[in-house]
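**Student:** Right, I'll just put the structure down here and ask away after.
Laboratory data are not the source of any read-out in this text; all were calculated from the coordinates shown. Computed from a predicted model, the values in this text were never measured in an experiment. Here Cβ is always computed from backbone atoms with ideal geometry, including for glycine, and neighbour counts include all displayed protein chains.
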Amino acid sequence: MKLYLHAGPGLSAAMERQWFGTTLPVHWWDQPVAAAADAQPYRSLLDAARAELVRLADTAGRPVDVIAHSFGSLLAFDLLQQTGERIGALTLLAPATDPYRQLVMLGTRLAAAADASPGLRASSAEAGRCRSRAHLQGLVTAILATADPLRPYWSPQATAARARHAALAARYFTFDPDTYLRVVWDRIGQPSRPPFDRPHAGGPLRCLFGRWDPLLDAGERALWGRWLPHAEHRLVEAGHFLQFELQPRDWL
């Protein structure tokens, strides 16, 4: 059974569970919400992910393959550094290095639309000029007030997948803005991690990037190349939701 670390923070794996059901050998683990009194919410989330990884590895009696999407890739990278002996193969889908920067990229993309609200345009510009928790919160609020804020996440050929996702999201999509803000701000305030610059004994390392991903640029790909120099780095025909656009055989 493979461990899946979903995007977020503040999201869940509910969309993946509804999309794939029980057809794949994947444990769709839900990341816990951040406690209001927790002074280190990212560390707590990482501890919870480590405990789940260890539980699965102990049950299986061997290292566990890990698949991580977007923000989940930061958790996976930290687990590889700290608990790498418990990880088998590692696949990162649309991996993210800086959630703040990438939210600004999304906001800027949405703000460029002809029907974008003045509030969204202002929030995107302010967050881009000055990195602060208040600007992050303002941008999250503005994006959530936008109709179909996930529309840039899809490739041009993903019409059917986008429609299916929208139908499922109307019933199953959940987002906790407070967890998002607390965990993101805690994570980006931490020191930079050193590269994982050695071969991984547990299995192959892969980073898959969507050609149409609005959160991807050359700098992002280059940074993952430095963080994981022994990994396979591949550009695929998809947007940000690789798991929904590609066939499972392409990322399992």
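**Student:** May I ask for the net charge around Gly72, where only other residues with Cβ less than 13 Å from the Cβ of Gly72 are counted and Lys, Arg are +1 while Asp, Glu are -1?
**Tutor:** Details: positive: Lys2, Arg187; negative: Glu16, Asp30, Glu52, Asp78.
Neighbour charge sum, excluding Gly72 itself: -2.
**Student:** Quick one: which residues, 5+ away or cross-chain, put their amide H under 5 Å from the amide H of Ala89? H built at 1.01 Å from N.
**Tutor:** Long-range HN contacts for Ala89: Asp65, Val66.
**Student:** Calculate the length of the line joining the C-alpha centroid of the range 144-175 to that of the range 185-252, in whole Å.
**Tutor:** Between the Cα centre of the range 144-175 and that of the range 185-252, the gap is 22 Å.
**Student:** So, in nm, how far is label Tyr172 from label Ala218 when the simple model puts each one 7 Å beyond its Cα toward the Cβ?
**Tutor:** Placing both labels 7 Å along Cα→Cβ, they lie 3.9 nm apart.
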